[in-house]
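To start, the structure itself, in structure tokens.
The values are calculated or read from the model by the stated rules, or taken from the named source; none is laboratory data. These numbers come from a predicted model, not from an experiment. Cβ atoms come from the backbone with ideal geometry, glycine included; neighbour counts cover every protein chain shown.
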Amino acid sequence: MAKPTDLVQGTLDLLILRTLALQPMHGWGIAQRIRQVSNEVLRVHQGALYPALHRLEQQGWIRAKWGESENNRRAKYYSLTPDGAKHLRQEQAQWKRLSSAIGLVLEMS
Amino acid sequence: MRWYYKLPLRLRSLFRKDRVELDLNDELQFHLQNQIDEYAKQGMNPQEARRAALRSLGGVEQVKEECREACEMNLIENFVRDVRLGLRMLLRNPGFTVLAIVCLTLGIGANAAVSSWVEGILIRPYPLVSHQERLVALSGTVRGERDETSWPDLLDVQRSCTLCETLFVSNITGATLSIGERAEVTTGSIVSANYFDAIGVHPILGRGFERGEDSGRNAHPVVVISYRLWQTRFKSDPEIIGKTQRFDNVVLTVIGVAPEGFYGTFVGRAMEYWVPASMQEVFYGGDKLEDRGARWCEAYVRLKPGVTHNQAQQEISAIAARLEAEYPATNRGRGIRVWPLWETPFNHAGHLLPTLEIMVVVAMFVLLIVCANVGNLLLVRSFARRHEMTVRLAMGASRGRLLRQLVTEGLLLSACGAAGGMLVAYWCRHALVLLLQVGGGDVMYLPGQIDGRVLGLSAAICLVVTLAVGLVPAFQTRHLALADTLKTEASAVMGARGRAWFRSSLVVLQVTLSFILLVGATLLMQSLRKIRTASPGFSTTRVLDTWIPLVAAGYDAPRAKTFQDELIQRIRALPGVEAAAYAHVVPLSYKSYSSTPIAVDGYQPQPNEQPTAEYNEVSPEYFATMGIPLISGREFTRADDENAPRVAIVNQTMVARYWRGQNPIGQRLQVKGNWVQVVGIATDSKYSSLRENAEPFFYVSLRQFFAIEPDIHIRTTQPLQSVQTALIREVRALDPNLALSEMMTLKEQVNRATSHELVAVTLVALFGGLALLLATIGLYGVMSCTVSQSTRELGLRMALGAGASNVLRLVLSRGLLLTTTGLIVGMALALLLTRLLGDLLYQESPRDPLAFAAAFAVMTVASVAACFLPAWRATRTDPMRALRAE
């Protein structure tokens with residue numbers, strides 16, 4: 001199994017946090033949501049999703065709670081903590097700066 | 001990443017592991033179920049859907065493992081696994097393990113013991129006393145020399161010192177305590193009334209002293225007793241407060257019981273009682289409370305927070321200068337000096353400081369040697385474990401993981417060593433007393449203190465040792481080449497450099513350090529021998545010394561004179577007594593001589609010179625008793641009494657300095673304002689210390705300068721025991737209420753005066769021997785390991801015709817090369833380091849060639865012995881078997 005590069009890993013964290021900013025969600029839901037929202041472009045590698053969630057939880061950016069899913073199964077719901085929200089804002093700003101910088105370079109004529 | 005998020009999660013993953021595992025499982029199952037549902041919706045049959053779901057997740061177990069890693073569960077689990085594996089490895093090799101742990105126990109124990117002494121004697125010597133880090137000791141000075149201080153001076157310092165939080169007086173004294181039939185000499189303190197408040201110790205029963213209880217001549221006959229005294233002598237009587245108890249000849253009312261574990265403020269003794277300074281006359285004789293010229297006080301000051309030693313000294317010096325100007329009659333040339341607690345000159349702290357300083361260095365050396373030794377042992381073992389390591393590497397263990405394993409093993413060893421070391425320190429906490437306890441009767445109290453700081457230091461040492469010891473073999477695994485080691489046991493070549501250099505340098509280090517310790521031990525031993533055999537200028541073996549507490553028994557001067565006269569007649573009549581005399585001070589004791597400014601007929605002092613000299617008040621026959629030869633003139637006689645003109649006998653140095661070598665007999669000398677006539681010249685002897693330089697000194701007649709409690713010196717051919725029995729009989733015959741104080745020979749007195757040297761010598765010699773042993777073991781280990789690893793080469797050499805002697809020479813020369821290197825480095829370092837012994841050496845150069853030669857010889861013999869056995873074994877190599885075995 002190829003190890004994800006830092007960029008990919010960082011990006012996955014960002015996507016997860018952004019998704020959770022809308023509402024608490026379980027792992028499966030997060031994966032689905034990212035796929036739908038990105039118009040099926042981004043497919044989260046499912047093997048990487050759960051380790052990422054646990055890492056974020058360890059860092060105190062998200063919190064987990066057991067709940068009932070829409071199809072009545074026991075599911076682990078993750079939600080954003082205040083610290084996580086702060087982190088998300090910083091990361092988003094960072095991402096925007098980075099992508100606009102890349103955009104500038106690419107559109108250079 | 002706030003801790004309050006992290007901590008519960010960590011704890012959960014540590015203690016609720018099964019729960020976490022279940023959760024993880026459920027979470028992934030939920031995901032799988034959803035995925036399966038989705039695939040089923042897309043039209044797959046259930047089995048296909050399940051397979052596809054598993055595939056898209058990429059292996060449930062892998063994901064789980066990654067999640068666990070994310071939770072850092074592995075860190076702890078791995079540690080537990082490492083500990084288990086480590087324990088198994090250690091148990092499989094009990095010989096190695098025991099040796100390593102014993103070494104570490106000695107190394108860590110030595111350091112813990114020494115640091116507990118430093119803590120308990122120098123840094124925080126007074127249990128229960130608050131803020132000892134701000135305590136300093138006060139002493140007086142007279143023209144730069146230390147002296148005691150007077151009570152009025154201290155009161156003035158207390159009043160005007162702005163940087164001092166509190167000042168209290170605490171003087172050691174003794175009294176005979178009789179309860180029922182049992183009489184016992186107890187040690188106590190005469191203290192200022194603020195004593196218990198100042199040190200923050202509160203009696204568990206009754207009260208401490210109140211303001212004003214330290215003033216008024218004999219006005220407050222009250223006493224606070226120690227917990228031990230209360231328990232043992234008063235049987236924990238709960239009604240003790242208000243009861244009276246006789247101390248010597250004075251009846252005191254018990255007003256308080258000090259808490260358990262409080263021993264007062266004197267390094268070297270545990271105090272049994274405390275009386276206020278107002279009672280000073282009863283215990284010391286002479287009313288000195290109002291007398292600015294009577295110097296008897298020993299005091300401590302607690303500085304305000306943040307005040308430095310220098311600031312305090314400056315302010316107190318300024319106060320002393322003001323007192324000098326205000327009271328020139330008593331305070332001329334006098335100052336007050338501030339001492340850090342560990343240099344306190346009036347108790348054992350100051351005496352033990354140089355010894356303990358050396359001990360800190362020596363214990364560190366021993367620890368280094370131990371680390372080198374255990375590191376070496378581990379190296380030897382890691383060589384044997386190459387296979388295991390290589391297999392683990394080949395199976396995919398990361399080097400970091402192996403490193404952790406090795407460090408964990410080191411931690412196990414050093415933790416066992418540290419535990420053992422703490423036991424050693426605990427057992428040794430009273431060891432200093434045992435060493436200082438030369439004669440009986442003198443109960444000393446010098447406990448090591450094992451507190452948080454000592455424990456912390458030991459833990460830090462343990463960690464450093466772990467890293468040192470654990471990383472040494474790790475350093476070795478760095479070079480592991482997978483293929484090579486798996487293929488065959490690579491065999492070393494005798495005399496080849498390469499991998500063995502690291503181990504060899506460890507051996508060189510050990511030899512170096514042990515050599516230095518041996519040189520130090522030899523120097524100290526020679527010095528002790530010199531100081532103990534040096535002639536102090538008086539006879540030591542046949543002269544006995546004792547005294548009789550007369551003040552305590554209520555004698556005044558006239559009664560004491562009569563008693564002394566009658567007793568000395570009786571003593572002289574005893575069988576075997578050749579001579580007997582009284583003297584105010586016995587040489588080389590803790591008692592200090594009287595000192596006086598002097599004026600000498602025909603001697604014109606320099607403008608800024610104030611000649612002073614110490615003197616002793618002695619009775620007729622003193623010089624005959626002590627065996628101090630008179631060069632000319634006469635001894636004191638019975639005629640030199642109160643009514644006769646005052647006379648003195650001076651020593652050679654005094655003649656040389658003040659009479660420029662001319663005959664002083666018949667000349668005059670002024671002592672404390674009285675002119676006395678010189679009637680004799682005595683040879684120089686040692687007065688206060690064996691190390692002192694010859695100083696002017698003189699003797700006056702005891703009758704003309706009366707001291708109420710002089711020592712009795714008896715020159716006799718009889719053994720001490722029989723003289724003591726006879727003397728007790730004679731004293732009882734004169735007054736049945738009198739007791740005899742401890743009797744000892746002057747030899748014993750000299751030995752006591754050098755007991756601190758004895759401690760230093762014993763400890764350094766002990767550690768030096770230990771170091772030698774460790775270094776020998778280390779050398780032996782390396783040599784036998786080298787031999788066993790080069791069996792093949794040795795076999796080959798022998799097959800090609802090398803004889804046993806060639807092989808012997810080969811191995812021996814390799815071992816001796818290491819030793820020689822170590823000795824050369826050690827010699828160079830020792831030349832630099834032995835100067836640290838400084839004041840502990842008596843008439844002994846720190847570079848004494850004899851000591852170096854002796855240490856060199858011992859080290860060489862030890863290392864030849866250590867190399868010989870492996871070398872001999874090498875000659876027994878069977879070439880055929882050695883070659884076939886590969």
Item to check | Considering residues of segment B:294-336 that are hydroxyl-bearing (Ser, Thr, Tyr) and touching a strand residue (DSSP E or B) at 6+ places or on another chain (Cβ under 9 Å) only, the residue modelled with the lowest pLDDT | outcome: B:330
Checklist entry - If we scan segment B:83-95, do we find a residue that is modelled with pLDDT under 75, among the charged types (D, E, K, R) and either part of a helix (DSSP H, G or I) or surrounded by 14 or more Cβ atoms within 10 Å (Cβ to Cβ) (or both)? => result no
Item to check | Filter pass, residue B:393 being within 20 Å of the chain's Cα centre (by Cα) and under 24 Å from residue B:466 (Cβ atoms) | outcome: no
Checklist outcome for this item: Exactly one of B:517, B:574 is at pLDDT 85 or above and touching a Ser or Thr at 6+ places or on another chain (Cβ under 9 Å), and that one is B:574
Checklist entry - Failed condition for residue B:141, given (1) buried (at least 21 other Cβ atoms within 10 Å of the Cβ); (2) away from chain A (no Cβ under 14 Å), with all others met? => result (1)
Next on the checklist: Just the residues that are charged (D, E, K, R), more than 10 Å from every other protein chain (Cβ to nearest Cβ) and more than 18 Å from residue B:30 (Cβ to Cβ), please, taken from segment A:37-70.
Outcome noted: A:40
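Listed here are the residues, each with its yes/no results for (1) more than 30 Å from residue B:582 (Cα to Cα); (2) charged (D, E, K, R); (3) assigned by TED's automatic domain parsing to the domain that holds residue B:382.
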{"position": "B:716", "(1), (2), (3)": "no, no, no"}
{"position": "B:761", "(1), (2), (3)": "yes, no, yes"}
{"position": "B:765", "(1), (2), (3)": "yes, no, yes"}
{"position": "B:773", "(1), (2), (3)": "yes, no, yes"}
{"position": "B:776", "(1), (2), (3)": "yes, no, yes"}
{"position": "B:785", "(1), (2), (3)": "yes, no, yes"}
{"position": "B:797", "(1), (2), (3)": "yes, yes, yes"}
{"position": "B:802", "(1), (2), (3)": "yes, no, yes"}
{"position": "B:805", "(1), (2), (3)": "yes, no, yes"}
Checklist outcome for this item: When restricted to A:30, A:34, the only residue within 11 Å of another protein chain (Cβ to nearest Cβ), of a type in the set (A, V, I, L, M, F, W, C) and either touching an Asp or Glu at 6+ places or on another chain (Cβ under 7 Å) or surrounded by 14 or more Cβ atoms within 10 Å (Cβ to Cβ) (or both) is A:30
Checklist outcome for this item: If you go through B:722, B:755, the only one that is touching a Pro at 6+ places or on another chain (Cβ under 9 Å) and among the polar types (S, T, N, Q) is B:722
Checklist entry - Quick one: residue A:99 ticks every box in (1) at the interface with chain B (Cβ under 8 Å from one of its Cβ atoms); (2) part of a helix (DSSP H, G or I); (3) more than 22 Å from residue B:61 (Cα to Cα) bar one, so which box is it? => result (1)
Checklist entry - When you look at residue B:122, is it assigned to a helix (DSSP H, G or I) and either free of Cβ contacts under 8 Å to residues at least 12 places away in the same chain or of a type in the set (Phe, Trp, Tyr) (or both), yes or no? => result no
Item to check | In segment B:580-610, residue modelled with the lowest pLDDT [restricted to those that are of a type in the set (Val, Ile, Thr) and closer than 20 Å to residue B:331 by Cβ] | outcome: B:596
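Let's see how each residue does on (1) closer than 24 Å to residue B:572 by Cβ; (2) within 44 Å of the chain's Cα centre (by Cα); (3) surrounded by 15 or more Cβ atoms within 10 Å (Cβ to Cβ):
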site	(1), (2), (3)
B:628	yes, yes, yes
B:640	yes, no, yes
B:661	no, no, no
B:688	no, yes, yes
B:696	no, yes, yes
B:702	yes, yes, yes
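Condition check ((1) facing another protein chain (nearest Cβ under 9 Å); (2) within 14 Å of residue A:46 (Cβ to Cβ); (3) touching a helix residue (DSSP H, G or I) at 6+ places or on another chain (Cβ under 9 Å)) across all residues:
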site: B:21; (1), (2), (3): no, no, yes
site: B:27; (1), (2), (3): yes, yes, yes
site: B:31; (1), (2), (3): yes, yes, yes
site: B:37; (1), (2), (3): yes, no, yes
site: B:56; (1), (2), (3): yes, yes, yes
site: B:60; (1), (2), (3): no, yes, yes
Item to check | Residue in segment B:434-444 that is buried (at least 23 other Cβ atoms within 10 Å of the Cβ) and in contact (Cβ under 8 Å) with a residue 60 or more places away in the chain present | outcome: no
Checklist entry - Just one of B:62, B:47 is at pLDDT below 80, farther than 24 Å from residue A:68 by Cβ, in a helix (DSSP H, G or I) and out of contact with any strand residue (DSSP E or B) (no Cβ under 7 Å at 6 or more places or on another chain); which is it? => result B:62
Checklist entry - Hey, any hits in segment B:49-58 for a residue that's farther than 30 Å from residue B:366 by Cα and touching a residue at least 24 places away in the same chain (Cβ under 8 Å)? => result yes
Checklist outcome for this item: Checked against (1) at pLDDT below 90; (2) loosely packed, with under 15 Cβ neighbours inside 10 Å, residue B:722 satisfies every condition except (1)
Checklist outcome for this item: Per the filter on segment B:554-581, residues assigned to a loop (DSSP other than H, G, I, E, B) and crowded, with 18+ Cβ neighbours inside 10 Å are B:555
Next on the checklist: If I ask for residues that are under 20 Å from residue B:194 (Cα atoms) and surrounded by 15 or more Cβ atoms within 10 Å (Cβ to Cβ), which ones from segment B:228-258 would you list?
Outcome noted: B:241, B:252, B:254, B:255, B:256, B:257, B:258
Next on the checklist: Could you go through segment B:170-181 and let me know if any residue there is among the acidic types (Asp, Glu), over 24 Å from residue B:321 (Cα atoms) and assigned by TED's automatic domain parsing to the domain that holds residue B:317.
Outcome noted: yes
Checklist outcome for this item: Counting only helices (runs of 4 or more DSSP H) entirely within segment B:351-467, those with at least 3 residues that are within 23 Å of residue B:764 (Cβ to Cβ) and among the small types (Gly, Ala, Ser) are B:399-427
Next on the checklist: Give me the strands (runs of 3 or more DSSP E) completely within segment B:222-336, filtered to those with at least 1 residues that are more than 21 Å from residue B:170 (Cβ to Cβ) and free of Cβ contacts under 8 Å to residues at least 60 places away in the same chain, ordered by residue number.
Outcome noted: B:244-247, B:250-257
Next on the checklist: Looking at B:833, B:823, B:794, B:818 in this structure, which one is assigned to a helix (DSSP H, G or I), under 28 Å from the mean Cα position of the chain (by Cα) and of a type outside the set (Asp, Glu)?
Outcome noted: B:833
Checklist outcome for this item: Quick count over segment B:747-778, residues being within 27 Å of residue B:688 (Cβ to Cβ) and in contact with a helix residue (DSSP H, G or I) (Cβ under 8 Å, 6 or more places away or on another chain), is 13
Checklist outcome for this item: Checked B:350, B:417 against criteria (under 32 Å from the mean Cα position of the chain (by Cα) and more than 23 Å from residue B:464 (Cβ to Cβ)); the one match is B:350
